[in-house]
Amino acid sequence: MTLNRISIVNYKNLEQVELSFSPKLNCFFGQNGMGKTNLLDAIYFLSFCKSAGNPIDSQNIRHEQDFFVIQGFYEGTDGTAEEVYCGMKRRQKKQFKRNKKEYTRLSDHIGFLPLVMVSPADSSLIAEGSDERRKFMDVVISQYDKEYLDALIRYNKALMQRNVLLKSERPVENDLFLVWEEMMAQAGELVFCKRDAFIREFIPIFQSFYSFISQDREEVGLEYNSHARGVSLLNVLQESRERDKIVGHSLRGIHKDELEMSLGGFPIKREGSQGQNKTYLVALKLAQFDFLKRKGGKAPILLLDDIFDKLDASRVEQIIKLVAGDNFGQIFVTDTNREHLDDILHKIGGDYKMFQVERGVATQKKEKGL
């Protein structure tokens with residue numbers, strides 16, 4: 001799927017934007033805080049029904065305005081035109097439409113416009129808690145497996161209900177706990193199996209990308225750990241119930257799964273330099289792109305937000321070689337350094353568009369220096 005054109009009104013600092021894009025490469029340059037990332041985030045919103053940076057929709061409305069609208073005009077590989085619309089008014093539910101027909105469930109849209117975003121915010125995958133790493137798995141798998149997304153939604157609903165019972169100040173019958181625990185176990189074991197299969201297939205792809213970017217300087221690993229591995233998840237939940245009542249929430253289950261990230265056999269959070277961490281994250285996301293392309297048979301849209309920061313020249317060169325290859329489809333890239341973008345253009349050649357972004361306004365530039 002190719003994004004031919006986007007229309008944005010009052011999204012973050014973007015007052016009114018109308019842009020037509022190249023089917024191959026689109027570059028945005030400008031100083032920090034001008035709106036480059038917000039442009040990419042609007043594209044992300046059209047794929048995932050939410051912002052990559054702020055999940056509270058009303059907070060993405062431009063200051064002192066009452067609404068935002070994002071419209072994307074796409075073209076499929078067979079030439080089919082697709083229009084995706086999102087509108088949000090303060091104190092009202094957001095509307096999400098495909099070809100003017102509103103979705104009854106936003107989850108039905110996930111995977112229709114496959115997309116991978118690489119950004120500085122990815123550092124949370126290493127630096128923050130396990131929920132960030134579970135989110136990474138969820139975002140990848142949900143884009144090609146509807147059964148997974150449905151099971152994850154069911155599990156989280158049951159988990160919420162079980163936690164309500166655990167916090168109750170009145171005695172709760174065991175049978176009531178069992179209703180939600182059985183639902184958690186059924187959905188959770190399916191989620192576990194699909195996460196486990198994904199990681200086993202994903203690891204060699206990820207390691208190959210890291211090896212290429214680092215030129216075999218380091219070895220990296222991923223290991224998936226879960227309370228559901230090798231046991232009955234229902235038994236795990238039942239055995240943990242009394243302890244869970246004391247703390248008031250569920251201590252065990254697939255909502256506690258962990259994805260261990262390592263460098264040279266040690267936790268990368270402890271061992272990695274800034275450059276190694278950045279290489280790890282870029283390789284992780286490029287592997288996500290490759291994995292989704294293999295599963296879906298088509299290249300996702302790729303968003304690269306300020307990815308060259310903290311990387312030495314040799315690693316930047318390797319990344320440019322990768323994105324210049326025929327494996328990638330439509331690419332959107334931002335940078336404060338115009339030279340990085342010119343290097344990409346020189347390597348890739350062919351069709352491209354360059355935009356300068358200043359104070360929420362994007363202006364197309366034909367040649368360097370204009």
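Descriptive notes on the structure:
- For a paramagnetic label modelled on Asn174 (point 7 Å from Cα along Cα→Cβ), amide N atoms under 17 Å away belong, within the stretch 222-240, to 234-240.
- Annotation: lysines with alpha-carbon distance below 20 angstrom to Lys97 (same-chain offsets under eight excluded): Lys50, Lys89, Lys146.
- Within the chain, percent of DSSP bridges classed antiparallel, to nearest 5: 70 percent
- Against the empirical curve 2.2 N^0.38 Å, the C-alpha radius of gyration of the chain lands at a ratio of 1.06.
- P(r) tail fraction, the stretch 212-370 - alpha-carbon pairs more than 23 Å apart, %: 57 percent
- Other residues lying with their Cβ under 14 Å from the Cβ of Met160 contribute a combined charge of +2, Lys and Arg counting +1, Asp and Glu -1.
- Calculated from the alpha-carbon coordinates, the stretch 129-296 shows an Rg and a Dmax of 18.3, 61 Å respectively.
- All other residues whose Cβ lies under 12 angstrom from that of Val231 are scored, Lys and Arg at +1 and Asp and Glu at -1, for a net of 0.
- Selected from Leu286, Leu176, Leu251, residue furthest toward positive end of dipole (the stretch 129-296; charges at beta carbon): Leu286
- The label point for Asp66 and the one for Asn32, both projected 7 Å from the Cα toward the Cβ, are 3.6 nm apart.
- Taking the Cα centre of the chain as reference, the dipole from Cβ charges on Lys and Arg (+1) and Asp and Glu (-1) amounts to some 840 debye.
- Separation of the Asp138 and Gln59 label points, Cα + 7 Å toward Cβ, nm: 1.7 nm
- Structure-based [θ]222 nm, the chain - -39500 (n - 2.57) summed over DSSP H runs of at least 4, per residue, nearest 500: -14000 deg cm²/dmol
- Taking the Cα atoms of the stretch 1-155, the ratio Rg/Rh between the radius of gyration and the Kirkwood radius comes to 0.95.
Every read-out reported here was derived from the displayed coordinates using simple, explicitly stated rules and does not represent laboratory data. On a predicted model such as this, the values are computed, not experimentally measured, just so you know. When we count neighbours, we look across all protein chains shown, and the Cβ atoms used for this are built from the backbone with ideal geometry, even at glycine.
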